[in-house]
Amino acid sequence: MSVTIKPVYDSARQSNPALTELKELRNYWYLLKQLVRRDILTRYKRSVLGVAWTMLNPLGTMLIMSFVFSNLFHMVGNYSIYLLCGLLVWNFFSQSTNAAMSGLVWGGSLMKQIYVPRTIFGISAIGTALVNMVLSLVPLFLVILVTKSPVYWTVILVPFVILIVAAFSIGVGLTISTLAVYFPDVLEMYQILLMAWMYLSPIMYPEDIIPAQYLGFYRLNPMYWMIKLFRALIYEGRVPLLSEIWPALAYSFGALVFGWIFFASKSDEYAYRI
Amino acid sequence: MDRVIDLNQPAIELRNVSVQYRLPTERVGTFKEYAIRWLQRKITYAHFWALDDVSFTVHKGEVFGLIGHNGAGKSTTLKVISRVLRPTKGRVLVYGKIAPLIELGAGFHPELSGRENIFLNGALLGYTREQMEAVYDDIVEFSELKPFIDAPIRTYSSGMYARLGFAVASAHVPDILILDEILSVGDESFQKKSYDRLLGFQSQGTTVVLVSHGMGRIEELCDRAALLEHGKIKAIGKPAEVIAAYRSDQN
């Protein structure tokens, strides 16, 4: 009688949503590239300077903040570079998680009509931020050259730190986008949270202004460790200690695994909800 | 036209499929509200079965029509087949690659050029770069947009937009084609062209599931049809008979 062939799609056959999602993402690799490309091309499409704004933006912020704060905090090293290091890591994290959240809401109208892996909007947001991050390394090195600061060999380790921050951002981005699907207010709440988080991280001030009795709490902040690693490589020119690496790795890996599983476990419901 | 419908070979199988939408009776949009209501056990939902125990099989190479009133569950059926919704109960089996003809140009970005949007839209439909490059010229020619292909798509008229959308979505011959009331694109000559293209798919063995309110089109195109009413299959069989059931129902 009939030849039994395997169905391409079987709604009943889904053992593990988190793994299915990972597998499907591989099939849609080209879409991921297209989405990142689209975000980068369209963001500055109508401006004259175009993508150069990605580099001018942190440079401008750095100039203003250096002007305001450099007399406030008397630091031994070069404040501009100290600041720029923190700012780049922070911008990467805040931009990508924000974009992941609004991307899912944007992608919602599409997800109601065609099948695409649900995580793809979150991941592509991180991809876009990653490109921006790499581009904004250019003004950082420009400042290093202009101020005649030393360039350390440890900069070659920077990609590892960027990967750690990226994994952390994916985890946080997926978690908050899942929440945002259920509660749209999360979009607004997250902005306030980010603001507080930024001031609680050693971005524009030196760490030693934190009173010693609060340092224990202060160091619970994952961004503290990410920024520390990045600065160690570029600003201080040393290989981070193991005791500095493992908290960053643990936070990053933990967030990634949690966010991915949490997001995937709810992914069937998005088309019903958004 | 020689078409082979293999009755032993299913393309799509729905086995006792039910889909339940859960509509909150009052919209709860914030954490605070949600928390308060949860504590008070006051979160109430209206449960609504959009599909209720629906079973049918579409054979390979068949053109299958879905008819029914608004809200009868036609679009939900298409969503369940195209993997957008996982059914609440029951099982859906699909044998082959699906090309959904979605609301045309849903994934277009206004600031990108026609050319860039072709690749973006193709990627959304699950095609690779090579697959899109292979059909690129055909898409441009079919949509009749050659002079405008490098202009941002925001400068296009709605007709041009729709033409490009249709050209991309129908660029490859799919195993299974899902059509939701879509054959009203562009002017008359373009409609004729898109209609011919679909007939061409049909002759190449593509299985087609289509939703339409145009009974003439259902009768003309379909091998079989099903009538949906309140999420249940009311009639299934020869298009003429199913349409008759639909009409008698209306009176």
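Bear in mind these aren't lab numbers, they're just calculated from the coordinates by the rules spelled out. Predicted model only: the values in this text are computed from it and were never measured. A quick note on method: Cβ atoms are made from the backbone with ideal geometry, for glycine too, and the neighbour counts reach across all protein chains shown.
Excluding residues on the same chain fewer than 8 positions from B:LYS32, give the aspartates and glutamates whose Cα lies under 19 Å from its Cα.
A:ASP185, A:GLU188
To make sure I understand, if each residue's beta carbon is the centre and we count other beta carbons within 10 Å, what order do B:HIS213, B:HIS47, B:HIS172 fall in, fewest to most?
If I rank by nearby Cβ atoms, fewest first, I get B:HIS47, B:HIS213, B:HIS172.
Label points 7 Å out from Cα along the Cβ direction at B:LYS97 and A:LEU145: separation in nm?
4.7
Quick one: which of B:LYS60/B:LYS97; B:LYS60/B:LYS238; A:LYS266/B:LYS232; A:LYS33/B:LYS97; B:LYS74/B:LYS232 span more than 20 angstrom between C-alpha atoms?
On the way: B:LYS60/B:LYS97 12 Å; B:LYS60/B:LYS238 17 Å; A:LYS266/B:LYS232 28 Å; A:LYS33/B:LYS97 22 Å; B:LYS74/B:LYS232 10 Å.
Table pairs above 20 Å Cα-Cα are A:LYS266/B:LYS232; A:LYS33/B:LYS97.
How many angstrom lie between the C-alpha centres of the range A:194-221 and the range B:77-138?
Between the Cα centre of the range A:194-221 and that of the range B:77-138, the gap is 47 Å.
Which FRET efficiency, nearest 0.05, do A:ILE192 and B:LEU199 yield, Cβ-Cβ r, R0 56 Å?
Working from the Cβ atoms, E equals 0.45.
What is the spin-label model distance, in nm, from B:ARG22 to A:ASP208 if the labels are put 7 Å beyond Cα along the C-beta direction?
About 5.6 nm separates the two model spin labels.
Considering only DSSP beta bridges whose two residues both sit in chain B, what percent are antiparallel, to the nearest 5?
Just about 55 percent of them are antiparallel.
Which FRET efficiency, nearest 0.05, do A:ASN71 and B:GLN131 yield, Cβ-Cβ r, R0 45 Å?
On the way: r = 60 Å, r/R0 = 1.32.
Given R0 = 45 Å and the Cβ-Cβ separation, E is 0.15.
Taking the radius of gyration and the Kirkwood hydrodynamic radius from Cα positions alone, what is the Rg/Rh ratio for the protein assembly as shown, to two decimal places?
1.05
Could you give the size of the charge dipole of the protein assembly as shown about its Cα centre, using +1 on the Cβ of each K and R and -1 on the Cβ of each D and E, expressed in debye and rounded to the nearest 20?
The dipole of the protein assembly as shown has a size of about 940 debye.
How much length is gained if the chain between B:ASP187 and B:ILE5 is pulled fully straight, taking 0.36 nm per residue apart and subtracting their Cα-Cα distance, in nm to one decimal?
Fully extending the segment from B:ASP187 to B:ILE5 adds 62.3 nm.
Order by neighbour count: A:ILE164, A:ILE209, fewest other Cβ atoms within 10 Å first, most last.
With the fewest neighbours first, A:ILE164, A:ILE209 line up as A:ILE209, A:ILE164.
If you take each beta carbon of peptide B:83-94 and count the beta carbons of other chains within 10 angstrom, what is the mean?
Across B:83-94, the average partner-chain Cβ count within 10 Å equals 5.
Need one number: nm distance between label points at B:SER157 and A:ASN221, each 7 Å from Cα along Cα→Cβ, rounded to one decimal.
Computed distance between label sites B:SER157 and A:ASN221 equals 5.7 nm.
Treating only the Cβ of Lys, Arg, Asp and Glu as charged (+1, +1, -1, -1), what charge dipole size does the range B:71-134 show about its Cα centre? Round to the nearest 20 debye.
600
Among B:GLY114, B:PRO174, B:ALA11, pick out the residue whose Cα is farthest towards the positive end of the charge dipole of chain B, where Lys and Arg carry +1 and Asp and Glu carry -1 on C-beta, about the Cα centre.
B:ALA11
At R0 = 30 Å, how high is the FRET efficiency between A:ASN16 and A:VAL48 if r is their beta carbon distance? Nearest 0.05 is fine.
Rounded to the nearest 0.05, the efficiency is 0.05.
Rounded to the nearest 5, what % of DSSP beta bridges with both residues in the protein assembly as shown are antiparallel?
Given both bridge residues lie in the protein assembly as shown, the antiparallel proportion sits at roughly 60 percent.
When a footprinting reagent is the concern and you count Cβ atoms within 10 Å, what order do A:ASP10, B:ASP223 take, fewest first?
If I rank by nearby Cβ atoms, fewest first, I get A:ASP10, B:ASP223.
Can you compute the charge dipole magnitude of chain B about its Cα centre, using +1 on each Lys and Arg Cβ and -1 on each Asp and Glu Cβ, nothing else charged? Give it in debye, rounded to the nearest 20. Walk me through the intermediate numbers first.
On the way: 30 positive and 30 negative charges, 277 e Å.
About 1340 debye.
Measure out, as a whole number of angstrom, how far apart the alpha-carbon centroids of the range B:237-251 and the range A:77-110 sit.
58
Highest mean first, what order results for A:47-60, B:227-240, B:135-148 on Cβ atoms within 10 Å? Intermediate values should be presented prior to the final figure.
On the way: A:47-60: 14.6, B:227-240: 17.9, B:135-148: 16.4.
With the highest mean Cβ count within 10 Å placed first, the list reads B:227-240, B:135-148, A:47-60.
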